[in-house]
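*Asks:* Structure incoming, see below.
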Amino acid sequence: AHPTDVLWTSSLAECCARMPTLSPAEREEALVFIALKHVTSLRSRDGDQHVREMLAWFGTRRFDLLSWVVQTDSVLKVFACIERNLGSAALLVHILTPFCALTAVHKDPGALTQLGAGRIARAVLDAHPDNMNIMQLACAIASNLAQHADSAAVLVDLGIHAKMAAIIRNPALVDFIYVSAANVLANMANTRSEHVHAELLKVDAVKLCVDLLARATSPSMRQDASLCLANLASGAATHATLALRRAPEALRAAVQKAPDDGVLTENMLACAARMSQSDDSGAATLALAHVEPALDALRLHPARERLRTFACAVILNVAANFDTAAQAAQIFKRRRAELNAAFACACESGDELIVRTFVNLLGMDPRRKQQFQDKMVLPIVRAAQLGHPGVVRELLKVST
């Protein structure tokens, strides 16, 4: 065993005892490992004597511990340690856990990817295809890295998206692994890169997420699968596949089963809003099919601002389309209460775009009092009370 590998499973007291026995090069590596594993306790300067003793080692070098850990040489030492311990599942968990935390808080995940973090995640996945804990950690690392656009492309080129697809297709795994894999795909799709989207379509990510929605047994599984579909819808090149795989219908069916799930509902509306903005002949029909769900969402989730934005986008896509305007008008007339509530929320939150479009496209009368909490108040008065001058200006244009 490498002299410093044992530090991953050692207490601070044991680390302190071992430090004098290490060579200068080993001691430098040891400091990296100790800082990564114990960064929280080491930064607390009111710790016990072992914390103070270890801080003394760092103090002589005047390092900020987190900065020390993310230096290129330090990260490469961690990578080398992971690679030489790929065969030891027990030790690997101790190394990957703090490294996963580092990828979550790192200011530049793209830099970590360029240093080889994606390659490390792929190597870990290949080495332990049946170890659920290690797979979850590797997926979490990949997911954190994938939030950076350049990193997502690197991960795709490494074939990690194909590994995630294989995980989701494997019926012998457990739910939290499927959730982790779907989250990686969702973060990849969120980069809105045409290259990344094309590669995700090649592994049939749309069908995989539609199937996950159908068999979902937990909110997190529904939410990550639906998020991947919503993020894929941000690229026009994916719309045909989403329609072919009946992703909008699958999302509506999932929401019908779990109407109180605000995240799922938001993702459904995001997918519908993005797909209905296209010039495709089915876009207007798609938007019309989501008007009622959008109005239901406005009633059930009035405080979710992004959900409200997507719901209103669906409504406006329908109202602005000549082919669906007449049918939409009948729905709006029947469900005026939800529209009034959405308009009131937009005035309260200061959403100028929604206020403008509701007034101009849906004929909302700003001179009519709306229900704000337990009082009937003019929208312009409520917007002024809450300090939204932009909304006040929009309402004045019509009121005068």
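*Asks:* For segment 266-285, give me the residue count where each residue is at pLDDT below 90, part of a helix (DSSP H, G or I) and not hydroxyl-bearing (Ser, Thr, Tyr).
*Replies:* 2
*Asks:* Within the set of pairs 6 or more residues apart or between chains, which connect a residue that is under 13 Å from Val291 (Cβ atoms) and buried (at least 17 other Cβ atoms within 10 Å of the Cβ) inside segment 331-343 to a residue that is of a type in the set (Gly, Ala, Ser) and modelled with pLDDT of 80 or more with Cβ atoms less than 8 Å apart?
*Replies:* Ala342/Ala311
*Asks:* Can you tell me which of Ala123, Ala117, Ala142 is open to solvent by less than 10 Å² (accessible area, probe 1.4 Å) and over 21 Å from Val32 (Cα atoms)?
*Replies:* The match here is Ala142.
*Asks:* Of the residues that make up segment 93-100, is at least one open to solvent by less than 10 Å² (accessible area, probe 1.4 Å) and under 18 Å from the mean Cα position of the chain (by Cα)?
*Replies:* no
*Asks:* Go through (1) surrounded by fewer than 22 Cβ atoms within 10 Å (Cβ to Cβ); (2) touching a Ser or Thr at 6+ places or on another chain (Cβ under 7 Å); (3) more than 26 Å from Met164 (Cα to Cα); (4) not acidic (Asp, Glu) one by one and return the number of the condition Ala236 breaks.
*Replies:* Going through the list (1) surrounded by fewer than 22 Cβ atoms within 10 Å (Cβ to Cβ); (2) touching a Ser or Thr at 6+ places or on another chain (Cβ under 7 Å); (3) more than 26 Å from Met164 (Cα to Cα); (4) not acidic (Asp, Glu), Ala236 breaks only (3).
*Asks:* Tell me yes or no: at least one residue of segment 198-208 is surrounded by 23 or more Cβ atoms within 10 Å (Cβ to Cβ) and either of a type in the set (S, T, N, Q) or modelled with pLDDT under 95 (or both).
*Replies:* Checked segment 198-208: no residue is surrounded by 23 or more Cβ atoms within 10 Å (Cβ to Cβ) and either of a type in the set (S, T, N, Q) or modelled with pLDDT under 95 (or both).
*Asks:* If Ser349 satisfies all but one of (1) more than 30 Å from Asp280 (Cβ to Cβ); (2) at pLDDT 80 or above; (3) polar (S, T, N, Q); (4) over 27 Å from the mean Cα position of the chain (by Cα), what's the number of the condition it fails?
*Replies:* Unmet condition: (4).
*Asks:* Can you list residue pairs whose Cβ atoms sit under 6 Å apart, with the first residue in segment 293-318 being open to solvent by less than 10 Å² (accessible area, probe 1.4 Å) and the second being among the hydroxyl-bearing types (Ser, Thr, Tyr)? Count only pairs 6 or more apart in sequence or on different chains.
*Replies:* Once the first residue is open to solvent by less than 10 Å² (accessible area, probe 1.4 Å) and sits in segment 293-318, its partners that are among the hydroxyl-bearing types (Ser, Thr, Tyr) give Ala297/Thr265; Val318/Thr324.
*Asks:* May I pose another question? Could you grab the pairs with beta carbons closer than 6 Å, sequence gap of 6+ or different chains, first residue in segment 260-286 and within 14 Å of Ser220 (Cα to Cα), second one open to solvent by 40 Å² or more (accessible area, probe 1.4 Å) and part of a loop (DSSP other than H, G, I, E, B)?
*Replies:* Short answer, once both residue conditions are applied: Gly262/Arg304.
*Asks:* Across segment 372-385, what is the number of residues that are closer than 15 Å to Val355 by Cα and open to solvent by 40 Å² or more (accessible area, probe 1.4 Å)?
*Replies:* The number of residues fulfilling the criteria is 4.
Every residue, every condition in (1) touching an Asp or Glu at 6+ places or on another chain (Cβ under 7 Å); (2) farther than 18 Å from Leu137 by Cα; (3) among the β-branched types (Val, Ile, Thr), yes or no:
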site: Leu158; (1), (2), (3): no, no, no
site: Lys163; (1), (2), (3): no, no, no
site: Val174; (1), (2), (3): no, no, yes
site: Ile177; (1), (2), (3): no, no, yes
site: Ser180; (1), (2), (3): no, no, no
site: Arg192; (1), (2), (3): no, yes, no
site: Ala214; (1), (2), (3): no, yes, no
site: Val263; (1), (2), (3): no, yes, yes
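*Asks:* Moving on. Yes or no: Arg222 surrounded by 24 or more Cβ atoms within 10 Å (Cβ to Cβ) and basic (Lys, Arg)?
*Replies:* Criteria met by Arg222.
*Asks:* Leu213 fails exactly one of the following numbered conditions: (1) closer than 22 Å to Asn85 by Cα; (2) within 18 Å of the chain's Cα centre (by Cα); (3) modelled with pLDDT of 95 or more; (4) open to solvent by 10 Å² or more (accessible area, probe 1.4 Å). What is the number of that condition?
*Replies:* (1) is the only condition that Leu213 fails.
*Asks:* Out of all the residues in segment 178-201, is one or more closer than 13 Å to Leu145 by Cβ, outside any helix (DSSP H, G or I) and of a type in the set (A, V, I, L, M, F, W, C)?
*Replies:* no
The values are calculated or read from the model by the stated rules, or taken from the named source; none is laboratory data. This is a predicted model, so every value here is computed, not measured. Please note: Cβ atoms are built from the backbone with ideal geometry, for glycine as well, and neighbour counts cover all protein chains shown. These area figures cover heavy atoms from the full protein model, side chains too; ligands, DNA and RNA do not enter into them. Shrake-Rupley method; radii C 1.70, N 1.55, O 1.52, S 1.80 Å.
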